[in-house]
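Enquirer: Have a look at this one.
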Amino acid sequence: MSKSLKRVRAALEDAGLTPEIREVGQARTAQEAADSVGCELDQIAKSIIFRAEESGEAVLFLTAGGNKVCAEKASALAGEPLGKADATLIRSQTGFAIGGVSPVGHLSPIRAWIDPRLLEFTTIWAAAGTPRHVFALDAHLLPGLTGAVPAAFTL
């Protein structure tokens with residue numbers, strides 16, 4: 001089991017949850033993940049990382065699988081311009097590789113916002129630290145687990 005997957009499992013267990021983690025082969029996209037677990041596209045919680053241009057820190061936007069983050073709205077929430085986060089920033093601040101960024105189990109605390117569309121579902125699925133693993137979660141637990149603030153930031 002990879003270090004990233006172990007960190008996600010530990011974060012969920014530390015929160016008192018019994019995680020249902022599935023190996024799905026390939027889930028680099030929200031559609032691949034949805035097809036693998038048999039759920040709606042919007043039940044996939046995408047972890048979108050941006051680089052805050054002034055502070056240099058990674059910021060996280062958790063969005064429904066079919067939604068796209070509006071950079072202007074996201075920048076307004078972050079209080080500074082946002083740019084593309086490269087693989088090095090993502091790995092160093094979250095501990096995850098692109099395609100496997102989980103909403104939980106980050107190496108460092110991260111500022112986060114959540115798409116209200118995700119909260120319309122009872123069960124959502126998110127990356128479990130690798131591009132091949134996902135976990136199921138009651139959507140309403142995600143803000144408390146991640147510190148993510150519900151906000152409108154999609155196109």
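Enquirer: Can you classify region 104-146 as rounded, prolate or oblate using the Cα gyration tensor, where a ≥ b ≥ c are the square roots of its eigenvalues, rounded means a/c under 1.5, and otherwise it's prolate if a/b beats b/c and oblate if not?
Expert: Working: a/c = 2.12, a/b = 1.15, b/c = 1.84.
Taking the square roots of the gyration eigenvalues as a ≥ b ≥ c, region 104-146 is oblate.
Enquirer: Can you match P(r) over Cα pairs in 10 Å bins from 0, in percent to one of these, (1) 11, 30, 24, 19, 11, 4, 1, 0; (2) 12, 45, 37, 6, 0; (3) 11, 38, 29, 16, 5, 1, based on a calculation from the structure here?
Expert: Recomputing P(r) over Cα pairs in 10 Å bins from 0, in percent here gives the entry labelled (2).
Enquirer: Another question, if that's okay. Using a probe radius of 1.4 Å on heavy atoms only, what accessible surface per residue do you get for region 1-125? Whole Å² is fine. Write down the numbers at each step before the final one.
Expert: Values: 6140 Å² over 125 residues.
Computed with neighbouring chains in place, this is 49 Å² per residue.
Enquirer: Rounded to the nearest 5, what % of the DSSP beta bridges within the chain are antiparallel ones?
Expert: Around 70 percent of the beta bridges assigned by DSSP in the chain are antiparallel ones.
Enquirer: Something else about it: Let's test the formula: R0 of 35 Å, r as the Cβ-Cβ distance of residue 6 and residue 41. What FRET efficiency results, to the nearest 0.05?
Expert: Working: r = 28 Å, r/R0 = 0.81.
Given R0 = 35 Å and the Cβ-Cβ separation, E is 0.80.
Enquirer: For region 50-119, which GluC sites (Glu not before Pro) are in a loop by DSSP, counting at most 16 other Cβ atoms within 10 Å?
Expert: Within region 50-119, the qualifying GluC sites (Glu not before Pro) (loop, at most 16 other Cβ atoms within 10 Å) are 53, 54.
Enquirer: Carbon and sulfur atoms: what percent of the 1.4 Å accessible area of the chain do they account for?
Expert: Of the solvent-accessible surface of the chain, carbon and sulfur hold 51 percent.
Enquirer: For residue 108 and residue 77 in the same chain, what is the full-extension length gain: residue separation times 0.36 nm, less their Cα-Cα distance, in nm?
Expert: Value of the extension gain: 9.2 nm.
Enquirer: Top to bottom by accessible area (1.4 Å), largest first, where do 114, 48 land?
Expert: Numbers: 114 0, 48 50 Å².
Highest to lowest solvent-accessible surface, that is 48, 114.
Enquirer: So how tilted is helix 3-14 from the main axis of the chain? Cα-based, degrees 0 to 90, rounded to 10.
Expert: Approximately 80 degrees, to the nearest 10.
The values are calculated or read from the model by the stated rules, or taken from the named source; none is laboratory data. Note that the coordinates shown come from a computational prediction; the quantities given were computed from them, not determined experimentally. Here Cβ is always computed from backbone atoms with ideal geometry, including for glycine, and neighbour counts include all displayed protein chains. SASA here: full protein model, heavy atoms, side chains in, ligands and nucleic acids out. Shrake-Rupley method; radii C 1.70, N 1.55, O 1.52, S 1.80 Å.
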